[in-house]
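Report on the structure given below.
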Amino acid sequence: ISSVSEENEIKKTKSVSVQRGTIYDVAVDATDKFMITSGQDKRLNVWNMASAKQMRSYKPEGVTGELYKLDVDPAGLFVAACSFDKWIRLFDFYSGNCIGKVAGHSELVTGVRFTLDGRRLLSIGADGCIFVWRLAPELTEAMHERQEERKARTAEMKKKEILIEKEEQEKKAK
C-alpha cells in the first residue's frame with residue numbers, strides 16, 4: 001500500500017507478505033476501505049487498506065482451479081473472479097457466497113471487468129475472445145441502489161462538515 005507525497009512521489013506505507021503462494025490480482029472496493037486479492041490459495045482474501053490486515057477470507061465451494069483475475073463492481077457489492085478452470089464466478093462481496101457462474105472461453109480466462117453502469121461483465125481469454133455478459137436486472141438494481149445510498153450519505157456528511165466549519169468560524173469571530 002502506498003501514498004503520494006507532496007512532491008508527487010509514490011511512497012510505500014504498508015507491506016504484506018502472504019503465507020500461501022502467489023497473488024495474481026488485486027481490486028479495491030467502492031469505498032476505498034478494502035482490497036481483495038486472488039491467488040494460488042484458491043481464496044478471495046479481503047484486506048483493510050489502512051492497516052493492511054486481512055479482514056476476511058473466502059474459500060469458494062466448487063472451485064477446482066486457482067482464482068486468477070478479479071474485479072469489484074462499481075457499488076462494491078459483488079466480486080467477479082475467473083479461475084484456471086475457465087469458469088467466471090460472481091460472489092457476494094460481504095458473504096463470499098457464489099451467486100452465479102458462467103463459462104464460454106475455450107482457453108484460460110485472463111481478465112474480468114464490470115462496466116461502470118453495472119449492467120455487464122466483460123471477460124477476455126487466451127482464446128483471443130472478448131465476451132460481454134449481461135448481468136441480471138436484480139444485480140444491476142442492487143448496485144444502483146447502493147450507489148444512491150452512498151451518494152446520499154456523502155451529501156449528508158458534507159452538510160455536517162459545512163455546519164461544523166461554520167460554527168468554528170463563528171466561535172473564532174466572537
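The values are calculated or read from the model by the stated rules, or taken from the named source; none is laboratory data. On a predicted model such as this, the values are computed, not experimentally measured, just so you know. Positions of Cβ are backbone-derived with ideal geometry, glycine not excepted, and every protein chain shown enters the neighbour counts. All accessible areas refer to the heavy atoms of the entire protein, side chains included, with ligands and DNA or RNA removed. Shrake-Rupley method; radii C 1.70, N 1.55, O 1.52, S 1.80 Å.
Among 45, 110, 93, whose Cα lies farthest out toward the positive end of the dipole of the stretch 13-117, if unit charges sit on the beta carbon of Lys, Arg (+1) and Asp, Glu (-1)? Final value for the positive-end residue is 45.
Summary of the geometry: the stretch 109-127 and the stretch 36-99, compared by the centres of their Cα atoms, lie 15 Å apart. Using 0.36 nm per residue and subtracting the Cα-Cα separation, the extra length available between residue 117 and residue 157 on full extension is 11.9 nm.
For the stretch 6-138, the relative contact order is 15 percent, taking Cα pairs closer than 8 Å that sit 6 or more residues apart in sequence and dividing their mean separation by the residue count. Between residue 8 and residue 127, the simple spin-label model (points 7 angstrom out along Cα→Cβ) gives 4.5 nm. Spread over its residues, the convex hull of the C-alpha atoms of the chain is 152 Å³ per residue. In terms of accessible area, using a 1.4 Å probe and ignoring ligands and nucleic acids, 84, 93 rank largest first as 84, 93. Database remark: amide H of residue 86 closer than 5 angstrom to the amide H of 109 (H placed geometrically; neighbours at sequence offset of 5 or more, or on other chains; Pro and chain starts carry no H). Counted residue by residue at 0.36 nm each, then reduced by the alpha carbon distance between them, the extension gain from residue 166 to residue 107 reaches 15.3 nm. For residue 53, the lysines whose Cα falls under 23 Å of its own Cα, not counting residues fewer than eight places away in the same chain, are 11, 12, 14, 33, 42, 69. Carbon-plus-sulfur fraction of the accessible area of the chain, 1.4 Å probe, in percent? Carbon and sulfur together cover 51 percent of it. Between the helical axis of 137-173 and the longest alpha-carbon principal axis of the chain there is an angle of about 20 degrees.
With every protein chain in place and a 1.4 angstrom probe, the accessible-area ranking of 140, 154, largest first, reads 154, 140. Net length available on complete extension from residue 17 to residue 148 is 43.5 nm, with 0.36 nm assigned per residue and the Cα-Cα distance removed. The candidates 133, 47, 87, arranged from most to least accessible area with a 1.4 Å probe in the full protein assembly, appear as 87, 133, 47.
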